[in-house]
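For reference, the structure discussed in these notes is given below.
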Amino acid sequence: MYNILLNYLYSVFSSDSEVHTLTTDGYIDMDNYRKNIYPIVDISVVNSPFIIETTALNRFNVDITCLDIRDINKEEINDKFWLNDNRHDNWNSTHAILTRGINTILKDTDSDITVETITDLERIVLGKENGLDGWQVTLTIDVPDLKSSSC
């Protein structure tokens with residue numbers, strides 16, 4: 001069921017023409033990678049709560065993070081609101097990518113995969129090597145167990 005979930009989420013986000021890289025490594029170390037092509041979407045299965053009521057359902061909590069690289073203008077800062085970089089553009093585009101992906105999942109009637117809960121999107125700012133900006137959301141997703149049957 002884990003692989004079914006990953007394949008499903010991979011297909012949703014890889015079909016977005018604005019997404020250039022998909023990972024499952026966790027976003028914390030992404031700022032140190034030099035060969036990524038941004039924007040990048042990271043899909044991390046955080047845990048799988050056990051569901052007692054049924055044996056034919058698997059539940060997963062999944063963090064989906066979308067980040068883009070920050071471009072910094074070397075000129076003197078003249079605008080205190082917009083600063084000298086593209087962080088606002090990054091937050092705008094990565095928010096749109098996550099929103100499109102979530103809406104695709106929610107509107108999908110061809111799959112038995114269902115979303116139980118969605119957290120608020122949380123803004124991310126990383127600044128080690130590259131400087132990355134974006135958003136993260138956590139989805140609780142139910143995946144039917146195709147091997148189990150109820151009697």
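The values are calculated or read from the model by the stated rules, or taken from the named source; none is laboratory data. Only a predicted model underlies this, so the values are computations on that prediction, with no experimental measurement involved. When we count neighbours, we look across all protein chains shown, and the Cβ atoms used for this are built from the backbone with ideal geometry, even at glycine. Just so you know, the surface numbers come from the protein's heavy atoms only, side chains and all, with ligands and any DNA or RNA stripped out. Shrake-Rupley method; radii C 1.70, N 1.55, O 1.52, S 1.80 Å.
Would you mind telling me which numbered condition in (1) at pLDDT 85 or above; (2) surrounded by fewer than 16 Cβ atoms within 10 Å (Cβ to Cβ) Leu5 fails?
Just one mismatch for Leu5, condition (2).
Output the number of residues of region 92-114 satisfying the condition of being open to solvent by less than 60 Å² (accessible area, probe 1.4 Å) and either part of a loop (DSSP other than H, G, I, E, B) or among the aliphatic types (A, V, I, L, M) (or both).
Within region 92-114, residues that are open to solvent by less than 60 Å² (accessible area, probe 1.4 Å) and either part of a loop (DSSP other than H, G, I, E, B) or among the aliphatic types (A, V, I, L, M) (or both) number 8.
Consider only pairs whose beta carbons are under 6 Å apart and that are at least six residues apart or on different chains; among these, list those whose first residue lies in region 1-23 and is more than 19 Å from Ser93 (Cβ to Cβ) and of a type outside the set (Val, Ile, Thr) and whose second residue is outside any loop (DSSP other than H, G, I, E, B) and at pLDDT 95 or above.
Partner pairs satisfying both residue conditions: Leu5/Phe60; Leu9/Ile43.
Please find, within region 23-54, the residue that is farthest from the chain's Cα centre (by Cα) out of those that are modelled with pLDDT of 90 or more, of a type in the set (A, V, I, L, M, F, W, C) and more than 21 Å from Gly131 (Cβ to Cβ).
Val46
Just to be sure I understand the filter: pairs with C-beta atoms under 6 Å, separated by 6 or more residues or on different chains, first member in region 129-141 and in contact (Cβ under 8 Å) with a residue 24 or more places away in the chain, second member of a type in the set (Lys, Arg) and in a loop (DSSP other than H, G, I, E, B). Which pairs pass?
Matching pairs, first to second residue: Gly131/Arg70; Asp133/Arg70.
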